[in-house]
1. Name the single residue, out of those in the stretch B:104-119 being in contact (Cβ under 8 Å) with a residue 24 or more places away in the chain and open to solvent by 20 Å² or more (accessible area, probe 1.4 Å), that is nearest to the other protein chains (Cβ to nearest Cβ).
2. Output the residue which, of all residues in the stretch B:66-91 that are of a type outside the set (D, E, K, R) and surrounded by fewer than 19 Cβ atoms within 10 Å (Cβ to Cβ), is farthest from the other protein chains (Cβ to nearest Cβ).
3. Take A:Thr274 and decide whether it is under 24 Å from the mean Cα position of the chain (by Cα), in a loop (DSSP other than H, G, I, E, B) and either modelled with pLDDT of 85 or more or of a type in the set (Phe, Trp, Tyr) (or both).
4. Would you mind stating whether A:Phe310 is in a helix (DSSP H, G or I), among the aromatic types (Phe, Trp, Tyr) and out of contact with any helix residue (DSSP H, G or I) (no Cβ under 6 Å at 6 or more places or on another chain)?
5. Is it the case, given these coordinates, that B:Gln140 is open to solvent by 20 Å² or more (accessible area, probe 1.4 Å) and either in contact (Cβ under 8 Å) with a residue 60 or more places away in the chain or over 20 Å from B:Leu172 (Cβ atoms) (or both)?
6. Residue by residue through the stretch B:92-103, note down the ones that are of a type in the set (S, T, N, Q) and either in contact (Cβ under 8 Å) with a residue 60 or more places away in the chain or facing another protein chain (nearest Cβ under 8 Å) (or both).
7. Looking at this structure, is B:Arg199 touching a Leu at 6+ places or on another chain (Cβ under 6 Å), open to solvent by 40 Å² or more (accessible area, probe 1.4 Å) and at pLDDT below 90?
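The values are calculated or read from the model by the stated rules, or taken from the named source; none is laboratory data. All of these numbers come straight from a predicted model, not from anything done at the bench. Don't worry about glycine lacking a Cβ; one is built from the backbone with ideal geometry, like all the others, and counts go over all protein chains shown. Surface accessibility is based on the protein's heavy atoms, side chains included, excluding ligands, DNA and RNA. Shrake-Rupley method; radii C 1.70, N 1.55, O 1.52, S 1.80 Å.
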Amino acid sequence: MSAETIPSLSPRRMAWFPTRGRISWFEIALLLIACALVVSGMASSLQDVLLLSFLFGGLALAWNIAGGYAGLISFGHSAFFGVGAYASTILSTRYGITPWIGIWIGALIAAMFGAVLALICARLRGPFFILSTLAFAEVVRIGALNWSSLTGGAEGLSIMPAPSLIGMVFASKAAYAALMLFYLVAVFAITKGLEASRFGYYLFAIRDNEDAAGAAGVNPLLGRTAALALSAALTGIGGSLFAQYFLYLDPTYVISPELSFQFALLPAVGGLGTAIGPVLGSFLITPLSELLRSYLGSSAVGLHLVIYSFGLIVVMLYFPAGLAGALDKLTRRGRPR
Amino acid sequence: MLEVKHLDAFYGAVQVLHDVNLFVGKGEIVGLVGANAAGKSTLMFTLAGLRTTHQGEVLLDGVAVDDLAAYERPKRGLVLVPERRRLFPFMTVLENLEIGAYAAEARAVARQTLDEVFALLPVLAERRKQIAGSMSGGEQQMLAIGRALMAKPRVLLLDEPTEGLAPIYVKLLFDLIVSLRASGLTVMIVEQNVHHVLRTADRAYVLENGRIVMEGKGATLLNDDRLKTAYLGL
C-alpha cells in the first residue's frame with residue numbers, strides 16, 4: 001500500500017455501540033463478560049454450552065466474511081471446516097505434528113479449497129452459487145468417506161485423549177473455553193479490521209453493485225476469491241479446534257449440510273454483514289439449541305426442535321436485520337444521525 | 001483518443017447496436033443523443049466492458065481495449081459514471097471516493113486526487129462523512145463523478161448524468177463538465193437532455209435504433225430541423 005492514505009482509514013475514537021470498522025464499548029463489555037464466564041467455574045454442562053457458543057461465534061464470523069461482506073452465500077462451509085479438522089488431526093495422529101502447527105496447515109489447505117471454489121463458481125449468482133457450494137461440500141464429504149486410508153472413512157478419526165499442551169488436549173474445559181474465546185476474539189478482530197480496510201470497502205462494493213464496482217475498476221473475481229479463501233481459512237481453524245475438543249471426527253457430521261446451514265443461520269439471525277451480528281447470533285442460538293436439547297431432548301422427543309424453530313421464526317419475522325439491526329435501531333434513537 | 005469502429009452489440013440474440021463508428025478527440029466533449037431505447041446506454045456499457053457481447057473495435061489512443069474486462073478499463077483511463085449513479089448507498093462519501101482509487105497508480109496519488117476532487121466539488125468535502133444514500137440526487141451525481149475522478153481518468157463516460165436532477169443541479173453539472181474539459185479531461189456524455197448537451201458538446205452523434213444517423217458540431221445539430229422535430233419538440 002502506498003503512503004497516501006485517505007482519512008477514512010485513519011483511527012477514530014471508540015463508539016458506545018457497534019459501528020462498522022470501530023471497536024465499541026458494547027463489544028468490550030461483551031468480551032469482559034465472556035472472560036468472566038470462562039473463569040467463573042460454572043458447571044461442566046454449561047461450560048460445554050459456553051465454549052460451543054464461542055466456537056460457533058467464530059465460525060459464524062468466518063462465514064460472514066464470505067456471505068455477509070462479499071455476498072457469497074455459501075451452504076458448503078462445512079467442507080472447509082472438515083478440511084481443517086482432518087488436516088490437523090491427520091498431521092498429529094499420523095505424523096506427530098503438533099496441532100499448534102497443524103491448525104495453520106489446515107487453514108492453508110482450507111484457504112486453497114476456498115480459492116478453488118471461488119475461481120470456479122464465484123461468477124455464478126444467487127441460487128446457482130449456493131447450489132454449487134452445496135455440491136462442493138458433498139464432493140469433499142464423499143472424498144473423506146472414501147479415502148479411508150487417509151481419513152479413516154466412515155469410521156472417522158480419533159485423537160488420543162491424553163492431556164498435553166503440545167498435543168492441544170486439555171483436562172479442563174475452562175482451558176478449552178479460553179482457547180475458543182481466543183479464536184472468537186481473533187476472528188472478530190480480523191472482521192473489524194476488514195470492515196475498516198480498503199479491501200473491506202471493495203467487498204461491500206462488489207456485494208452491493210458489481211457493475212458499479214467493475215466500472216470503478218474493482219476486480220470482482222479477485223475480491224470474491226480473497227474473501228472466500230480468508231473465510232475458508234478461518235473456518236478451517238475452527239474445524240481444527242473442534243477436533244481438538246471432541247477428539248473424534250465423524251465425516252457425516254463435520255462435513256454435512258446441517259453444519260453448513262448452522263454457519264449461515266447464526267449470522268442471519270444475528271445480522272448479516274455486521275461484525276457483532278454473528279456473535280450475537282451464536283450467543284443466542286447455540287445456548288438455546290444446546291439447552292433445549294439437554295432439558296427436553298430425552299423427555300419430549302422433538303419438542304426442543306419445535307421450540308427452537310419457533311424461536312428462529314420469531315427472530316426472522318420481527319428482526320429482519322437480525323439482532324444487530326434491532327440493537328442498532330434501539331440505540332440510534334438516542335444518537336445524533 | 002477514443003475510437004469506436006464498426007461496433008455491433010448484442011443482448012443474447014438481439015442486436016442492439018449496428019455498425020457504430022465514432023471518434024472522441026483529446027480534450028473534447030462529445031455528446032450522444034437519441035430517443036429511449038436507441039442503444040445509448042448499451043453503447044456506454046459496451047465501452048466500459050459491462051455485460052454486452054460485441055463485435056468491432058474500441059481503441060484508446062490506438063490501443064484496443066475491447067477485450068479488457070470492465071475492471072481493467074479504468075486502469076487504462078476509461079472510466080464510466082453509470083446511469084442512475086450506482087453509488088454504494090450504505091457507505092460514506094469518503095468511502096465511495098476511496099473505491100474509485102482502486103488501481104495502484106490511482107491509489108498512489110489518492111490523497112492528492114481527493115484534495116482535487118474536494119476543490120472541484122466542495123459539497124463532497126462538506127459531506128465527507130455522510131452516508132451516500134442519504135444525499136440528494138444532485139449530490140449523489142456529484143459523488144458518482146467524484147468517484148470516477150478518483151480513478152484518474154483520461155476519458156470520462158457519463159451515462160445520463162442529469163436523470164432525475166433538479167434544474168439547479170443540471171446547470172451545475174454542465175458547468176462541471178465544461179471545467180473538467182478545461183482541465184484537459186476528455187468527456188463523452190449520453191443524454192436525453194438534448195438541448196443542454198448540444199449546447200455544451202463540441203461535437204455530437206445522434207443514435208437511432210442502434211445506428212449513428214447524424215453527427216456534427218453541437219451548435220450545428222442544435223439548429224438541425226430534423227433533430228429539432230424529433231428531439232427538441234420544436
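1. In the first step, residues of the stretch B:104-119 are kept if they are in contact (Cβ under 8 Å) with a residue 24 or more places away in the chain; the result is B:105-106, B:109-110, B:113-114, B:116-117.
Still in the running and open to solvent by 20 Å² or more (accessible area, probe 1.4 Å): B:105, B:109, B:116.
Values: B:Glu105: 10, B:Val109: 6, B:Glu116: 13 Å.
Per the stated criteria, the residue is B:Val109.
2. The qualifying residue farthest from the other protein chains (Cβ to nearest Cβ) is B:Leu68.
3. Considered against the rule, which asks whether it is under 24 Å from the mean Cα position of the chain (by Cα), in a loop (DSSP other than H, G, I, E, B) and either modelled with pLDDT of 85 or more or of a type in the set (Phe, Trp, Tyr) (or both), A:Thr274 comes out as yes.
4. Criteria met by A:Phe310.
5. no
6. B:Thr92
7. No; evaluated as a whole, the condition is false for this residue.
Quick grid of which residues meet (1) at the interface with chain B (Cβ under 10 Å from one of its Cβ atoms); (2) open to solvent by 30 Å² or more (accessible area, probe 1.4 Å); (3) among the hydroxyl-bearing types (Ser, Thr, Tyr):
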residue	(1), (2), (3)
A:Tyr176	no, no, yes
A:Leu184	no, no, no
A:Glu195	no, no, no
A:Tyr202	yes, no, yes
A:Asp211	yes, no, no
A:Pro220	yes, no, no
A:Gly223	yes, no, no
A:Ser240	no, no, yes
